[in-house]
Amino acid sequence: MHNFDSLITVCDFLENSARNFSDKTGLIFEDKEFNYREIKKQSDLIRDFLIKKTNKGDVVAIFLPNIPEIIFSYFGTLSSGCTVLLVPTNISDKNLIFQIKKIKPRFIISQNKYNGKFKRVGISAENIIDIDYISNEKSVCIEKRIVNPEDPSTIMFTSGTTGEPKGVKLKHQNVVSATKNIIHFLNWNSEDLDVNILPLCHSFGLGNIHCAFAVGATTILFRDAINLKKIIRVIVEKKVTTFASVPAILRLIVDNYMSEFKECGRFLRFVQTNTSFLEEELIKKIINVLPNTDLYYYYGLTEASRSTFIALNKNLGKIKSVGRPLDGVDLKIIDTKGNTLGPMNIGRICIKGNHVIEEYWDNKEASLEIKNGWLCTGDAGFLDKDGFLYFFGRNDDIINVSGEKVMPEEIEEIARNFPGVKEAVAVGVADNILGERVKLFVVPSNDVFNKNLLLEKIKKNLENYKIPKEISIIDKVFYTDNGKIQRNKVRDYYAK
């Protein structure tokens, strides 16, 4: 059993498990298995290589898909005293150029197959290191670098629903604090077997690696979430105990693999999902099909990982909530003037705790949103009298109809539960009289969909000012990598 007090840097997660569970399988990927001793050996090769080539504090970018090498590179870079910039391999050329110019990493650890992309955006080949080249190096490190809790560990750019991406600058102590909170709340332990289908270049997927490695659990890593049937089969065959997914994937599982998913309930201790909107009907379907599995829902940001949690199956009276703050996490709701609001008043969500970042990378304007340890998010919500948080989405997504606030999720939930609707997105569009009016975009699932009948359904359930003035049929919806709808992008893409 780990002594969690001894974990003070992210490097300690792997160090401790390599010491305490050296022969235990820590990672499974396709037909390969790696015990903790082997994971540390591979990470140490990268550490030793970087110590010879860098100075402490240099930034090293990792541009790799969900393969074991992204984990080796991550822990190896951190233990070299460098800071990791995690870059998604599906990033647009424009955003790749933006991140590289903003951060100026010393090296980019990648694979040869991405060299065409780097060449296309003008990144010099001498700054790119092929992961296979490092792994074949047999050098021995002469010096060791001390890594401190207050050192920067990771930079991740927010895949924001609006505006320019911001570089989130996490320190080791931020990550360790968040990880310990999650482990205690979810009771992660060395006996857990986790299936990870989430991109490791983002905080949700990476956070599960942190938890698993910190307690000496085993991770089954998938490249992506495309083959859901195989993922479900592995959960059953391997008797997996923990599983995380974004709501969009859970919807696909429930809609297409309900009977197979039910089998997973024999082994799963919990399923966890994130802040993206989770409609009540989907929650109830999951609870019904997995009656002995806890369904955890959380609110968090890259800047403040998993700040609240709720076991929805044990709190049916709070089914629309995203839970209460974890130990050491404080929440408050403020108005536009910065005044703290009482229970049931909707305003801006603010978070404080050791897991919250102190500043953004080279962005003084964005860093002004962090005052006296409080991160003032761009999210809207309220706290009820019991301290449960209710999340309404981005402040930018709220539709203002003649001074009345309309939450798009309220309209979207009705639409998603209507026959023939696969996905729905409500946005505000300019109106000369009302300021804004509601427009609804719908992706039909079949020919049964009837626009007029949906409008009648909405009229029966919502106030007049919330009723869409227009319903448009579209063929796709845009999401961030964390599964959140990019409403502004949908609105602008289909603008007429």
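Points to keep in mind about this one:
- Boolean, residue 384 is surrounded by fewer than 17 Cβ atoms within 10 Å (Cβ to Cβ) and closer than 22 Å to residue 297 by Cβ: yes
- Among the residues listed as 405, 451, 466, 422, the single one being touching a residue at least 60 places away in the same chain (Cβ under 8 Å), of a type in the set (D, E, K, R) and either touching a strand residue (DSSP E or B) at 6+ places or on another chain (Cβ under 9 Å) or buried (at least 18 other Cβ atoms within 10 Å of the Cβ) (or both): 466
- Boolean, residue 251 is closer than 22 Å to residue 423 by Cβ, within 21 Å of the chain's Cα centre (by Cα) and of a type in the set (Lys, Arg): yes
- All positions within the stretch 71-83 that are touching a strand residue (DSSP E or B) at 6+ places or on another chain (Cβ under 6 Å) and β-branched (Val, Ile, Thr): 77, 83
- In the condition set (1) buried (at least 18 other Cβ atoms within 10 Å of the Cβ); (2) modelled with pLDDT under 95; (3) closer than 22 Å to residue 185 by Cα, residue 347 is compliant with all but (3).
- Taken over the stretch 472-487, the criterion of being buried (at least 18 other Cβ atoms within 10 Å of the Cβ), of a type outside the set (Lys, Arg) and either modelled with pLDDT of 90 or more or more than 13 Å from residue 246 (Cβ to Cβ) (or both) is satisfied by 477, 486.
- Residue ID - surrounded by the most Cβ atoms within 10 Å (Cβ to Cβ), chosen from residues in the stretch 293-314 that are outside any strand (DSSP E or B) and in contact (Cβ under 8 Å) with a residue 40 or more places away in the chain: 303
- Test: residue in the stretch 44-67 that is out of contact with any helix residue (DSSP H, G or I) (no Cβ under 8 Å at 6 or more places or on another chain), loosely packed, with under 12 Cβ neighbours inside 10 Å and part of a helix (DSSP H, G or I): no
Quick grid of which residues meet (1) closer than 25 Å to residue 193 by Cα; (2) in contact (Cβ under 8 Å) with a residue 40 or more places away in the chain:
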{"site": "34", "(1), (2)": "yes, no"}
{"site": "44", "(1), (2)": "yes, yes"}
{"site": "63", "(1), (2)": "no, yes"}
{"site": "70", "(1), (2)": "yes, yes"}
{"site": "85", "(1), (2)": "no, yes"}
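- Contacts under 9 angstrom Cβ, first residue in the stretch 236-263 being without any contact (Cβ under 8 Å) to a residue 12 or more places away in the chain, partner surrounded by 17 or more Cβ atoms within 10 Å (Cβ to Cβ) and of a type in the set (A, V, I, L, M, F, W, C), 6 or more apart: 259/289
- Residue 389 falls short on exactly one of the conditions (1) over 26 Å from the mean Cα position of the chain (by Cα); (2) in the same structural domain as residue 301 (by TED's automatic domain parsing), and that condition is (1).
- When the residues of the stretch 328-343 are filtered to those that are at pLDDT 95 or above and in a loop (DSSP other than H, G, I, E, B), the one that is farthest from residue 180 (Cα to Cα) is 339.
- Top-ranked residue of the stretch 425-443 - restricted to ones that are surrounded by fewer than 19 Cβ atoms within 10 Å (Cβ to Cβ) and of a type in the set (A, V, I, L, M), ranked as farthest from residue 247 (Cα to Cα): 433
- Boolean, residue 369 is assigned by TED's automatic domain parsing to the domain that holds residue 255, touching a strand residue (DSSP E or B) at 6+ places or on another chain (Cβ under 7 Å) and of a type outside the set (Gly, Ala, Ser): yes
- Some residue of the stretch 176-190 being buried (at least 23 other Cβ atoms within 10 Å of the Cβ) and in contact with a Pro (Cβ under 8 Å, 6 or more places away or on another chain): yes
- Answer from 86, 96 - the residue that is touching a strand residue (DSSP E or B) at 6+ places or on another chain (Cβ under 9 Å) and buried (at least 17 other Cβ atoms within 10 Å of the Cβ): 86
The values are calculated or read from the model by the stated rules, or taken from the named source; none is laboratory data. Note that this is a predicted model, so its numbers are computed, not measured. Positions of Cβ are generated from backbone atoms using ideal geometry, with glycine treated the same way; all protein chains shown enter the neighbour counts.
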